[in-house]
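Novice: Got a structure for you, written out below as structure tokens; questions coming shortly.
The values are calculated or read from the model by the stated rules, or taken from the named source; none is laboratory data. Keep in mind the model is a prediction, meaning the values are calculated, not measured. Note: ideal-geometry Cβ built from the backbone for every residue, glycine included; neighbour counts use all protein chains shown. Protein only, heavy atoms only, side chains kept; ligands, DNA and RNA dropped before computing areas. Shrake-Rupley method; radii C 1.70, N 1.55, O 1.52, S 1.80 Å.
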Amino acid sequence: MSSFQAPKGTYDILPADAATVLAVREAIAAPLRRSGYGYIETPVFEDVNLFSRGVGESTDIVSKEMFTLTKRGSEELALRPEGTASVLRAALQANLHRTGNLPVKLWYSGSQYRYERPQKGRYRQFWQVGAEAIGAEDPALDAELIILADDAYRSLGLRNFRILLNSLGDKQCRPVYRAALQDFLSGLDLDADTVRRAELNPLRVLDRQARVGAGATGRRADAGRLPVRGLQGLPRAGPRAAHGGRVSFEDDTKLVRGLDYYTRTTFEFVHDGLGAQSAVGGGGRYDGLSEMIGGPSLPSVGWALGVDRTVLALEAEGVVLTAPGATDVFAVPLGEEARRVLFGAVTGLRREGIRADFAYGGKGLKAAMKAADRSGARFALVAGERDLAEGLVQLKDLTNGDQTPVALDALVATLKEKLK
RNA sequence: GUGGGUGUAGCUCAGCUGGCAGAGCACUGGGUUGUGAUCCCAGGUGUCGCGGGUUCGAGCCCCGUCACUCACCCCA
């Protein structure tokens with residue numbers, strides 16, 4: 001073991017788990033690719049102000065969870081804690097909203113960073129696949145995105161997730177409701193954290209975290225006691241009407257996401273196999289974000305799904321994504337002449353699209369056969385002087401031990417037939 | 001930032017009120033000089049996280065420290 005280890009809150013994706021991770025990323029991306037979303041990549045770090053203005057100064061993400069970078073002595077950059085602000089910034093910078101049709105539909109896949117105490121399902125570096133539909137106010141877009149996420153999860157075999165839906169109000173009604181809520185909360189005996197939150201962002205108090213009563217020992221607030229219906233009559237019904245009943249929602253008037261840019265439609269995909277965490281993905285409308293970062297009015301909607309948490313959810317449900325073996329044929333040479341010939345044969349097989357590997361390191365026959373077995377290959381290709389003298393190689397089926405001689409120049413055709 | 005749990009072989013873990021370092025799997029070699037997976041035999045498996053203390057004697061008790069992990073908080 002080296003004297004170094006992965007930094008706190010990070011982990012390595014090793015070959016044994018990589019197939020699942022890649023399959024999850026692909027499963028989320030596939031519905032987007034066939035629905036008109038274009039792929040975009042942005043830098044992993046941005047001007048720190050993009051996030052403090054976009055995500056919101058009052059959010060935990062910005063106030064205490066950002067990895068900031070110093071550039072020549074002053075803090076100016078931060079590792080991205082989420083993807084939406086960067087994607088919108090890139091779209092505005094490249095004038096995608098002026099050069100193409102609206103909405104501009106984009107998807108991304110990448111790592112995000114938050115400086116938090118790690119625990120199950122929560123890491124300092126984690127992966128999201130996200131989608132954004134920028135510059136249109138059509139509730140059908142909200143519905144489209146929810147359906148695409150639902151399709152992605154179902155294509156993976158995930159079943160026990162739920163979709164929570166709420167509205168956070170718009171420019172007109174939110175300030176009114178916010179003031180009313182603040183007024184209501186000021187009359188309650190709340191713990192110190194909640195008092196602070198009620199000042200900065202009272203809506204977040206609704207998000208089932210509030211403790212009412214004496215400080216930290218207080219009990220969780222009963223939702224029925226909070227004026228959660230203050231935002232009724234807003235376009236929460238939009239995505240519901242547009243989606244045509246294809247996925248089932250649960251109304252959750254306490255759902256308030258931890259990013260300030262959300263307006264109106266908000267939703268979260270939750271799963272109970274993630275330890276103390278519950279969200280595998282979430283999103284919503286962010287009609288005002290563009291203006292917050294200096295752009296024109298571009299009402300938009302988007303989501304991000306957590307790759308790491310989706311993997312945990314699959315594990316919790318016992319879903320195993322079948323990974324094909326990495327190798328079809330494993331070559332085992334006997335002697336120097338055979339090494340030269342079989343190495344060439346392996347190269348030839350690979351160029352024909354057959355997955356092939358070789359017993360490197362000068363192993364003895366027994367060890368080389370063991371390596372062939374462990375490689376997961378269906379066939380071992382064995383040859384020594386006796387075979388080569390006749391232009392043959394021995395092809396051994398490792399599933400049943402049957403071994404047949406094959407002419408060296410008929411190898412490709414024979415294997416293509418057997419591997420069909 | 002706060003609290004709980006755990007650190008013993010490559011991996012999963014036993015180890016009793018303090019008395020000689022353990023099991024299974026994995027690994028290496030041999031049984032088979034040209035055959036894996038099965039079977040048999042032999043064998044490394046180790047700063048017991050690290051540092052100090054108590055004791056004739058510490059994996060075990062005490063103090064400190066680090067790491068991992070789970071939870072609070074928050075979110076993907």
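Novice: For the range A:329-418, what's the relative contact order in percent, using C-alpha pairs closer than 8 Å and at least 6 residues apart?
Specialist: Values: 129 pairs, mean separation 26.3, N = 90.
Computed over the range A:329-418, the figure is 29 percent.
Novice: Please compute the modelled spin-label separation between A:ASN400 and A:GLU291, points set 7 Å along Cα→Cβ, answer in nm with one decimal.
Specialist: 7.2 nm
Novice: For chain A, what is the accessible area per residue in Å², given a 1.4 Å probe and the full set of protein chains?
Specialist: Ligands and nucleic acids excluded, the result is 50 Å² per residue.
Novice: Sticking with this one: Within the set A:LYS105/A:LYS254; A:LYS171/A:LYS254; A:LYS363/A:LYS420; A:LYS396/A:LYS416; A:LYS64/A:LYS254, which residue pairs have Cα atoms separated by over 25 Å?
Specialist: Listed pairs above 25 Å: A:LYS105/A:LYS254; A:LYS363/A:LYS420.
Novice: Within the range A:294-334, whose backbone N sits under 18 Å from a point 7 Å along Cα→Cβ of A:THR414?
Specialist: Flagged as within label range: A:328-334.
Novice: Tell me which residues come under 5 Å, amide H to amide H, from A:PHE330 once H is placed; ignore anything under 5 positions away on its chain.
Specialist: Residues meeting the amide H criterion: A:ASP357, A:PHE379, A:ALA380, A:LEU381.
Novice: At a 1.4 Å probe, what is the % contribution of carbon and sulfur to the accessible area of chain A?
Specialist: Its accessible area is 50 percent carbon and sulfur atoms.
Novice: To test your reading of the geometry: what angle, between 0 and 90 degrees and rounded to tens, separates the Cα axis of helix A:84-93 from the longest principal axis of chain A?
Specialist: Long axis of A:84-93 versus the principal axis of chain A: about 90 degrees.
Novice: Any chance you could run the full-extension gain for A:ALA276 through A:ALA179? It's 0.36 nm times the residue separation minus the Cα-Cα distance, nm to one decimal. Don't skip to the answer; put the middle values down first.
Specialist: Working: separation 97, 0.36 × 97 = 34.92 nm, distance 3.18 nm.
Going from the current span to full extension adds 31.7 nm.
Novice: If I fit a long axis through the Cα atoms of helix A:336-351 and take the longest principal axis of the Cα atoms of chain A, what angle between them do I get, 0 to 90°, rounded to 10?
Specialist: Result, in degrees: 40.
Novice: Gain in length, A:SER248 to A:ALA30, computed as 0.36 nm per residue apart minus the alpha-carbon separation, to one decimal in nm?
Specialist: So the extension gain works out to 76.3 nm.
Novice: Now, a different point. Which loop trypsin sites (Lys or Arg not before Pro) in the range A:103-132, with loop taken from DSSP, have no more than 15 other Cβ atoms within 10 angstrom of their Cβ? Please list the in-between numbers first.
Specialist: Values: sites: A:LYS105, A:ARG114, A:LYS120, A:ARG122, A:ARG124; in loops: A:ARG114, A:LYS120, A:ARG124.
For trypsin sites (Lys or Arg not before Pro) across the range A:103-132 that sit outside H, G, I, E and B with at most 15 neighbouring Cβ atoms in 10 Å, the list reads A:LYS120.
Novice: Sticking with this one: So, R0 is 56 Å and r is the distance between the beta-carbons of A:VAL320 and A:PHE343; what FRET efficiency does that work out to, to 0.05?
Specialist: Efficiency for this residue pair is about 0.95.
Novice: Counting Lys +1, Arg +1, Asp -1, Glu -1, what net charge surrounds A:ILE163 among other residues with beta carbon under 10 Å of its beta carbon? Kindly include the intermediate steps, with their values, before the conclusion.
Specialist: Working: positive: A:ARG162; negative: A:ASP150, A:GLU250, A:ASP252, A:GLU268.
Charge balance near A:ILE163 sits at -3.
Novice: While we're on this one: Helix-derived [θ] at 222 nm for chain A: sum -39500 (n - 2.57) over DSSP H runs of at least 4, divide by residue count, nearest 500?
Specialist: Theoretical 222 nm ellipticity from helices: -10000 deg cm²/dmol.
Novice: Using each residue's phi in the range A:281-293, evaluate 6.51 cos²θ - 1.76 cosθ + 1.60 at θ = phi - 60° and report the 3J(HN,Hα) Karplus result to the nearest Hz, with x for Gly and Pro.
Specialist: x, x, x, x, 7, 9, 5, x, 4, 4, 5, 4, 9
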